[in-house]
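Take a look at the structure below.
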Amino acid sequence: MKVTFPHMGNLHIPVATLLRDLSLEVVVPPPTNQRSLSLGVRHSPESACFPFKLNIGNFIEAHEKGADTILMAGGVGPCRLGYYAQVQKEILRDLGYDFEYIILEPPRGHIGELWEKIRRLNGGVTVKQVIGALRLAWEKVLALDAVEKALHHLRPRVVFPDQATAVYRRSLEALDKASGIARIRAIKVHTLDELESLPRRGGPKPLRVALVGEIYTVLEPFANLSIEERLGKMGVEVCRALFLGDWIRSNLLLDALRLKGGMDVKEAAKPYLNRFVGGEGQESVGYAVLSARRGYDGVLHIAPFTCMPEIVAESILPAVSRDYNIPSMTLMLDEHSAETGIITRLEAFVDLLARRRGQRKEMEQLERIPGD
Amino acid sequence: MRIGIPEALYYHDYYPLWEGFYRALGAEVVTSGPTNKTVINFGVESAVDDTCLPVKVFFGHTRLLAPRVDYLFCPRLVSVEDGAYTCPKILGLPDMVEQGLPNLPPLINTSFDFREGRVRLWAAIREAAKPLTRNPWRVQRAWKTGLSRLRVYRELLTQGKTPEEARQECLAGARLTRRGGSKGTGRSGLCIGILGHSYSIYDRYINHDLTRRVEGFGGKVITIDMVPPEILHQEAVREEKPLFWSAGRKNMAMAKYLVSNHQVDGIIQLASFGCGPDSMVAEVVERRVRRNGRVPFMLLNLDEHSGEAGLVTRLEAFMDMVRRRRVG
């Protein structure tokens, strides 16, 4: 049995570690690329959401590398993700790919159910082995998040943003190969030091933009046309609401234990959207409010084209913008999003934010003139 | 007191219930009338570009109705059956409407969630009646009136009446009668199954009068509402993973039922542009029907631009093919 799973940003690093440590043979699909995109688009329903199409591309390319089993997330709706696996099954079947499927439905409080699924993957696995594998994978998630946060903070502050990106890439490779918690921690510390020691540029404090939206588009640089890197190079600090660890914690762990996480976000969203609408719709609104309160310069909202929960958020964000006097922009991304179009819009948005900040400074200075 | 009910989204599924309920409470019920060009233009103007056609249509109706009423009925239908949602946009509909349309009268935006049990449902019903009365007995009586209207309406639909006819008969005080079977079970003409959301099938402006056109080509139409819900439910739970969208669940079950009962000569699946559930459900239905290979299938995607001529041409070709297969 050769297990594969779809890409989502750096998710493959901890997941591959986890599966390998459960003594499974893993086939990581080639990094999502133009070919996966065209394969996915060709075989998916036209108006399916973007992540769905990229998943199909990943699966086909993994099959070429010998994968025969798909590990996929499930869900109970109302977002389409919960039904991805069933539709993908039908499509891959019609294409003649003979996959086994292991669909991780949210375990609704049954830890035993999850255990059964793991046993199906590998009958001889012991509890100790599972716990060890989980700890190692989780450690990688934490390290990845820490490194990424540092990267976002530093990219607009260093002289050569590409250097920061290169350090980050190297750390990804090292983390992927690392086996052992001590080694992972060492890589993390080393990377953070290396990022810190890059030559800084002077000048004003960078603009801060909150990046909110649907989890896949936020986490997957291929889907968002490396929006974080682009903004960083424009001298903008990206303050992302969702990291892999937060997502796993709230969607897999807390859900399984029937706990509700992120109350402050939901509380913040309440006056605008007092209800879960699937996916990250409510969170997008909540984080936009929180970002405004924290004094960020703008909110950038990204989502796949036709994403239902995020369309609800998109309809509501203008109200948040108005009430808190913070600019927001929504970018709906799919296979048709053109790089130039996105860059132009980003540049215009950043220009707007910079001008607003300049105006605010002038106003403050005017107010400070004595006797006026 | 005038309560406005937009003729969009779940209007065709529940109107007699809401109307019966509010009339019994002494309100005047005002509707926005059938969809037309103005409605579409209003909707396209007011809703965000990325949203689906049905929500745009809802926005249009709401904007048209808003200046004429004291309250606007825009409930949050979270779930209408166990284990299923409606859809994310319907969950967020009152919020979207409130943020997207200026100068609205107060909304009746009660959340209805049938998974939460009778107590919560009862609280929701009382909340929906609040602008009119707080007397629980009156509310209960009104709800019962509404429900009995709905039951008659559904029965009339099962008998093959159009929603307009059924609504009129309901208003005229039709009673629940079990007239045997749906009209014309005899297989003389062509029989075409039309699948899709009620607001795609019954909104004659959006689908360019599809039902009437199919009938014009000598076909008899069978829709989801003409099949007893029990049968569809049986089909739905047999699914490996039953869908978590109610409408999609019914649609999928209906497709299975039609294919396995050899009742139809062709299937037309309606989908709305930008509808999330439709993009998945229609795909699975299409693949399954084609794999089975016995029933011709056509997928019609509806959007605010779809030209009438294009639809008619495709329908004509489809009906020709269906007829040739029948003869041959």
- Query: Which residues in the stretch B:60-87 have a backbone N closer than 15 Å to a point placed 7 Å from the Cα of B:R2 along the Cα-to-Cβ line?
  - Reply: B:62-73
- Task: Name the shape class, rounded, prolate or oblate, that the alpha-carbon gyration tensor gives for the stretch B:93-233, where a ≥ b ≥ c are the square roots of its eigenvalues, rounded holds for a/c under 1.5, and otherwise prolate holds if a/b is larger than b/c and oblate otherwise.
- Result: prolate
- Message: At a cut-off of 30 Å², which residues of the stretch B:278-318 become less accessible once all protein chains are present than in their chain alone, using a 1.4 Å probe?
- Response: B:S279, B:M280, B:E283, B:V284, B:R287, B:R291
- Three-way shape call for the stretch A:206-372 based on the alpha-carbon gyration tensor, with the a/c threshold at 1.5: oblate
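Starting with the highest mean, order B:110-121, A:159-170 by the number of other Cβ atoms within 10 Å, averaged over the residues of each peptide. Can you show the working numbers first?
Details: B:110-121: 14.4, A:159-170: 16.5.
Those peptides, ordered most packed to least, come out A:159-170, B:110-121.
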- C-alpha long axis of helix B:308-327 to longest principal axis of chain B, angle in °: 50
- Mind listing, in residue-number order, the residues in the stretch A:320-338 that have at least 10 Å² less accessible area with every protein chain present than in their own chain alone (1.4 Å probe)? A:R322, A:M332
- For chain B, size of Cβ-based charge dipole, Lys and Arg +1, Asp and Glu -1, in debye: 1240
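Enter the mean number of other protein chain beta carbons within 10 Å of the beta carbon of each residue in A:276-287, as an integer.
Numbers: counts 4, 12, 8, 1, 0, 5, 3, 0, 0, 2, 0, 0.
Per residue, the number of nearby Cβ atoms from other chains is 3 on average.
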- CD proxy, 222 nm, chain A: helix-only mean residue ellipticity via -39,500 (n - 2.57) per DSSP H run with n ≥ 4, per residue, nearest 500, stands at -17500 deg cm²/dmol
- Query: Using a basic spin-label model with each label point 7 Å from the Cα along Cα→Cβ, how many nm lie between B:N36 and A:D98?
  - Reply: 6.1
- Message: Per residue of the stretch B:2-10, what does 6.51 cos²θ - 1.76 cosθ + 1.60 with θ = phi - 60° give for ³J(HN,Hα)? Whole Hz please, x for Gly and Pro, Karplus curve as stated.
- Response: 10, 10, x, 10, x, 7, 8, 6, 7
- J(HN,Hα) series, the stretch B:256-267, from Karplus relation 6.51 cos²θ - 1.76 cosθ + 1.60, nearest Hz, glycine and proline x: 4, 4, 5, 5, 7, 9, 6, 8, 10, 9, x, 10
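Of all the accessible heavy-atom surface of the protein assembly as shown, with the other protein chains kept in place and a 1.4 Å probe, what percent is carbon and sulfur?
On the way: 16130 of 30700 Å².
Answer for the protein assembly as shown is 53 percent, counting heavy atoms of protein chains only.
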- Around A:R157 (Cβ within 13 Å, Cβ-to-Cβ, excluding A:R157; K/R +1, D/E -1) the net charge comes to +4
- Item | Simple Cβ-charge dipole of chain A, Lys/Arg +1 and Asp/Glu -1, about Cα centre, in debye nearest 20 | 860
- Item | Inter-probe distance in nm under a simple model that places probes 7 Å from Cα toward Cβ, at B:E164 and B:T133 | 3.3
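Given the pairs A:K53/B:K250; A:K270/B:K130; A:K266/B:K241; B:K37/B:K161; A:K177/A:K270; A:K2/A:K128, which span a C-alpha to C-alpha distance of over 32 angstrom in this model?
On the way: A:K53/B:K250 25 Å; A:K270/B:K130 22 Å; A:K266/B:K241 30 Å; B:K37/B:K161 26 Å; A:K177/A:K270 43 Å; A:K2/A:K128 23 Å.
Result: A:K177/A:K270 exceed 32 Å.
Give, as a single signed number, the net charge of other residues whose beta carbon lies under 9 Å from the beta carbon of B:T51, with Lys and Arg counted +1 and Asp and Glu -1. Don't skip to the end; give the middle numbers.
On the way: positive: B:K56, B:K89; negative: A:E314, B:D49, B:D50.
Counting the neighbours of B:T51, the net charge comes to -1.
Looking at chain A, do any whole DSSP H helices span at least 30 angstrom along their long axis by alpha carbon and average -0.5 or above on Kyte-Doolittle, and which?
Numbers: long enough: A:127-154 (40 Å, 0.54); A:339-368 (43 Å, -0.81).
Long hydrophobic helices here: A:127-154.
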- Check each residue of the stretch B:78-106 and keep those whose accessible area, probe 1.4 Å, is at least 40 Å² smaller with all protein chains in place than in the chain alone; give them in order of residue number. B:Y85, B:P88, B:K89, B:L91, B:D95, B:M96, B:Q99
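Please say if the stretch B:3-124 is rounded, prolate or oblate, where rounded means a/c under 1.5 for a ≥ b ≥ c the square roots of the C-alpha gyration tensor eigenvalues, and otherwise the choice is prolate for a/b larger than b/c and oblate otherwise? Don't jump to the answer; show the numbers that get you there.
Values: a/c = 1.85, a/b = 1.27, b/c = 1.46.
Cα axes put the stretch B:3-124 in the oblate bin.
Excluding A:V28 itself, calculate the net charge of residues whose Cβ lies under 15 Å from the Cβ of A:V28, where each Lys or Arg counts +1 and each Asp or Glu counts -1.
Neighbour charge sum, excluding A:V28 itself: -3.
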- Item | Derived scalar couplings ³J(HN,Hα) [the stretch B:105-121; Karplus, 6.51 cos²θ - 1.76 cosθ + 1.60; whole Hz; x for Gly, Pro] | x, x, 8, 9, 10, 4, 8, 10, 10, 6, 7, 8, x, 5, 5, 5, 4
- Task: Name the long-range amide H neighbours of B:L299: under 5 Å, sequence gap of 5 or more, or other chain; modelled H, no Pro or chain starts.
- Result: B:Q269
- Message: Over all directions, the average projected area of the alpha-carbon convex hull for the protein assembly as shown comes to how many nm²?
- Response: 35.5
- For the protein assembly as shown, size of Cβ-based charge dipole, Lys and Arg +1, Asp and Glu -1, in debye: 1600
- FRET efficiency, B:R141 to B:E81 (Cβ-Cβ, R0 35 Å, nearest 0.05): 0.90
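Of all the C-alpha pairs in chain B, what % are more than 30 Å from each other? Can you show the working numbers first?
On the way: 18558 of 53628 pairs.
In whole percent, the long-distance tail amounts to 35.
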- Message: With every protein chain kept in place and ligands, DNA and RNA left out, what is the accessible area per residue of the stretch A:206-372? Probe 1.4 Å, answer in Å².
- Response: 44
- Query: Accessible area per residue of the stretch A:1-93 at 1.4 Å probe, in Å²?
  - Reply: 31
- Would you please state the base-10 log of I(q)/I(0) at q = 0.16, 0.21 1/Å for the stretch A:2-123, with intensities from the Debye formula using one equal scatterer on every alpha carbon? -0.77, -1.31
- Query: Given H placed on each backbone N at 1.01 Å, which residues far from A:T330 in sequence or on other chains put an amide H within less than 5 Å of it?
  - Reply: A:H301
- Degrees separating the helix B:136-158 axis from the principal Cα axis of chain B, which is the longest one: 10
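Give the average over all directions of the projected area of the C-alpha convex hull of chain A, one decimal, in nm².
On the way: hull surface 79.9 nm².
Mean shadow area of the hull around the Cα atoms is 20.0 nm².
Please compute how much accessible surface disappears when A pairs with B, both sides summed, using a 1.4 Å probe, and round it to the nearest 100 Å².
Values: alone 18140 and 15860 Å², together 30700 Å².
In total, this chain pair buries about 3300 Å².
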- Task: Quick one: which residues, 5+ away or cross-chain, put their amide H under 5 Å from the amide H of A:G77? H built at 1.01 Å from N.
- Result: A:G82
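The values are calculated or read from the model by the stated rules, or taken from the named source; none is laboratory data. Values in this document were obtained by computation on a predicted structure and should not be read as measured data. Heads up, the Cβs are rebuilt from the backbone with ideal geometry, glycines too, and the neighbour counts pull from every protein chain shown. Quick note on the areas: whole protein, heavy atoms, side chains included, nothing else; ligands and nucleic acids left out. Shrake-Rupley method; radii C 1.70, N 1.55, O 1.52, S 1.80 Å.
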